[in-house]
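What follows is a single structure, written as structure tokens, with notes after it.
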Amino acid sequence: MAKYNAFIIIIFSLLYFAGCSEDPTSIGGDYLNQQNLKLDTLISNNAASIKTIYQPINLNGSKSFLVGKTSDLEAWSLIQFAPKWVGYSKAIRKDSLTIVSAKILMYQSYKFGNMDSLNGSNFDMSAELVNYNWIPASFTSDSIGKLNSTNINIKTTVTDSLTTLEILDESVVLNWLKASASIDTPIVGVLPNYGIVLKPKGVSNRIVGFKSSTFYTLGFPILELKIKKPVDGTTDSNYYSLNYGTHVVMPEGTSTIADNIILSSGRVSRGFITFALDSIPENSIINYAQLKMYSDGSKTQIGSVSSNYTNVYLGNKTVADSIDGSVSPVVLSGSNDSLTANISSLVNHSYYNLKTKELKLVLRNTYYYDGVERFTFFDNNCADATKRPTLKIYYSRRAN
């Protein structure tokens with residue numbers, strides 16, 4: 001045991017100077033020979049398995065609400081305002097209020113697909129009244145069939161920064177006010193206020209994001225109500241911030257892009273890669289490990305303000321298709337479609353702590369709940385073997 005401990009101390013002492021060398025195999029070569037140690041390299045561009053899995057996710061934490069439709073994606077937003085009845089209690093109960101106008105103001109924060117400026121001729125949406133008690137923290141695209149929504153009449157005015165939805169059905173807004181008042185003293189016949197769902201009209205080949213109130217102090221969605229008071233006939237202007245909201249992106253289908261690992265935001269997809277480690281002798285020391293991926297730039301799509309990048313996680317040893325949360329992820333970075341990540345911490349945890357003979361890695365977009373970015377990487381089927389996912393491990397072992 002003392003000899004093995006001394007071996008470990010020697011190796012990690014050498015690694016202290018690793019930053020001085022571009023080639024990990026050159027680190028302390030003469031000293032290693034003196035200590036009867038050998039530095040070996042495992043290089044594999046033939047992963048044992050690679051797959052992409054799509055999973056419906058909740059997007060409640062997104063910076064934007066998305067609406068739009070491209071050839072293979074569609075986004076709907078669900079929003080709920082709860083206008084207060086303060087000052088109108090008697091008028092509400094007597095049905096003597098008049099809604100002069102009701103407008104929802106939403107400010108653009110993101111575009112995907114067609115990047116042309118927005119106007120009424122190239123982007124439009126419809127609105128439907130939701131008749132289902134949806135929960136933002138758990139709502140996903142799998143829940144769409146439960147909405148039981150009914151169409152309401154709206155007029156949409158679109159510019160490149162502001163979209164205004166004028167609700168032309170006065171009864172919708174009056175019911176919202178009554179629903180608020182009914183919380184304290186129930187009003188007969190009042191329907192619950194579950195908000196509205198916004199859907200794209202037609203295929204505009206774009207998905208537009210509107211600022212959510214969670215991340216923006218200015219420009220978040222506003223409900224503007226102008227109400228005519230029955231007593232003196234004057235009009236009040238009232239402004240209400242969003243109560244809650246979320247969005248969904250569809251479909252969650254299997255990718256039709258061949259020879260690629262596809263990481264999609266908004267839906268979401270994860271890439272799973274497994275490498276065999278059984279060629280590394282027992283009691284070896286992992287000095288350095290690197291994952292190299294090649295992006296298929298022709299099939300990668302990003303939006304107008306994307307700050308997304310890709311994280312590499314360690315896969316869970318016992319739970320299939322899941323992430324081991326005990327190890328921090330690392331980031332793929334690089335340029336010219338060649339991306340690398342120092343995955344030494346992941347390999348060490350897998351090799352020493354989990355004592356597995358295979359390395360399970362999971363790839364996922366960092367901000368997978370924002371936007372609809374699609375990052376694609378070549379897999380084992382790529383005709384150019386040099387562009388396949390490649391694992392490189394430098395390790396030290398006792399010389400024979």
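Just so you know, all these numbers are worked out from the coordinates, no wet-lab data involved. Only a predicted model underlies this, so the values are computations on that prediction, with no experimental measurement involved. Note that each Cβ is placed from the backbone with ideal geometry, even for glycine, and that neighbours are counted across all protein chains shown.
Which of the chymotrypsin sites (Phe, Trp or Tyr not before Pro) across segment 170-219 are loop residues per DSSP, with 15 or fewer other Cβ within 10 Å? All intermediate terms of the calculation are to be shown ahead of the outcome.
Working: sites: W176, Y194, F210, F215, Y216; in loops: Y194, F215, Y216.
Taking segment 170-219 and a limit of 15 other Cβ atoms within 10 Å, the loop chymotrypsin sites (Phe, Trp or Tyr not before Pro) found are F215, Y216.
How tilted is helix 2-15 with respect to the longest principal axis of the chain? Cα atoms for both, answer in degrees (0 to 90, nearest 10).
Roughly 60 degrees, rounded to the nearest 10.
Taking only C-alpha pairs under 8 Å that are 6+ residues apart, what is the relative contact order of the chain in percent?
On the way: 927 pairs, mean separation 104.1, N = 400.
Worked out over the chain, it gives 26 percent.
Take the alpha-carbon centre of segment 270-290, take the same for segment 332-389, and report the distance between them in whole Å.
Here the two parts' Cα centres lie 13 Å apart.
Please give the length that would be gained between K51 and K84 if that part of the chain were fully extended, namely 0.36 nm times their separation in residues minus their C-alpha to C-alpha distance (nm, one decimal).
Taking K51 through K84 to full extension adds about 6.9 nm, to one decimal.
Cα gyration tensor of segment 337-400, axes a ≥ b ≥ c as square roots of the eigenvalues: rounded (a/c below 1.5), prolate (a/b > b/c) or oblate?
Here segment 337-400 falls in the oblate category.
Of all the stretches in the chain, which is the longest one without any exposed loop site, taking GluC sites (Glu not before Pro) in a DSSP loop (any state but H, G, I, E, B) with at most 16 other Cβ atoms within 10 Å? Write out the running numbers ahead of the final one.
Details: sites that count: E22, E282.
Maximal segment without exposed cleavage sites: 23-281.
Taking K299 as the anchor, which lysines have their alpha carbon closer than 16 Å to its alpha carbon, excluding any fewer than eight residues away along the same chain?
Partners within reach: K387.
Quick one: go through segment 72-103 and flag any residue whose amide nitrogen is under 13 Å from the point 7 Å out along the Cα-to-Cβ line of K226.
Those under the cut-off are 99-103.
For the chain, what does -39500 (n - 2.57) per DSSP helix run (n ≥ 4), summed and divided by total residues, give at 222 nm, in deg cm²/dmol to the nearest 500? Intermediate values should be presented prior to the final figure.
Details: 5 runs with 42 residues, N = 400.
Calculated from helices alone, the mean residue ellipticity at 222 nm is -3000 deg cm²/dmol.
For V188 paired with N238, estimate the spin-label separation in nm (one decimal), with each label point 7 Å from Cα along the Cα-to-Cβ line.
2.4
In segment 42-56, whose amide N lies under 18 Å from the spot 7 Å out along Cα-to-Cβ of T386? List them in ranges.
Residues passing the 18 Å test: 43-46.
How much FRET efficiency would the formula 1/(1 + (r/R0)^6) give for S304 and T159, where r is the Cβ-Cβ distance and R0 is 25 Å, rounded to 0.05?
For R0 = 25 Å, the calculated efficiency reads 0.95.
Rounded, prolate or oblate for segment 36-194? Axes are the square roots of the Cα gyration tensor eigenvalues, ordered a ≥ b ≥ c, and the cut-off for rounded is a/c under 1.5.
On the way: a/c = 3.18, a/b = 2.07, b/c = 1.54.
It comes out prolate by the Cα gyration axes.
Using a ≥ b ≥ c from the Cα gyration tensor of segment 126-208 (square roots of the eigenvalues), is it rounded, prolate or oblate, where a/c under 1.5 gives rounded and otherwise the larger of a/b and b/c decides, a/b for prolate?
Taking the square roots of the gyration eigenvalues as a ≥ b ≥ c, segment 126-208 is oblate.
Could you put S96, S77, S344, S269 in order, starting from the residue whose Cβ has the fewest other Cβ atoms within 10 Å?
So the residues, fewest neighbours to most, are S96, S344, S269, S77.
Taking semi-axes √(5λ) of the Cα gyration tensor in Å straight from the coordinates, which label in (1) 34, 25, 19; (2) 52, 27, 13; (3) 57, 21, 17 is the correct one?
Step by step, semi-axes √(5λ) of the Cα gyration tensor in Å for this structure corresponds to label (3).
Mind checking which lysines have their Cα closer than 23 Å to the Cα of K38? Skip sequence neighbours fewer than 8 apart in that chain.
Counting by Cα, and skipping residues close in sequence, K38 has these lysines nearby: K3, K355, K357, K392.
Under a cut-off of 17 Å between alpha-carbon atoms, report the lysines in cross-link reach of K155, not counting same-chain residues fewer than 8 places apart.
The reachable lysines, counting only those whose Cα sits under 17 Å from K155, are K103, K199, K201, K226.
At V203 and I152, where each label point lies 7 Å from the Cα along Cα→Cβ, what is the point-to-point distance in nanometres?
3.0
Nearest 0.05, what FRET efficiency do A399 and N353 give at R0 = 30 Å with Cβ-Cβ as r?
That pair, A399 with N353, gives E of 0.70.
Where in segment 42-100 are there trypsin sites (Lys or Arg not before Pro) that are in a DSSP coil and have at most 10 other Cβ atoms within 10 angstrom of their Cβ?
K94
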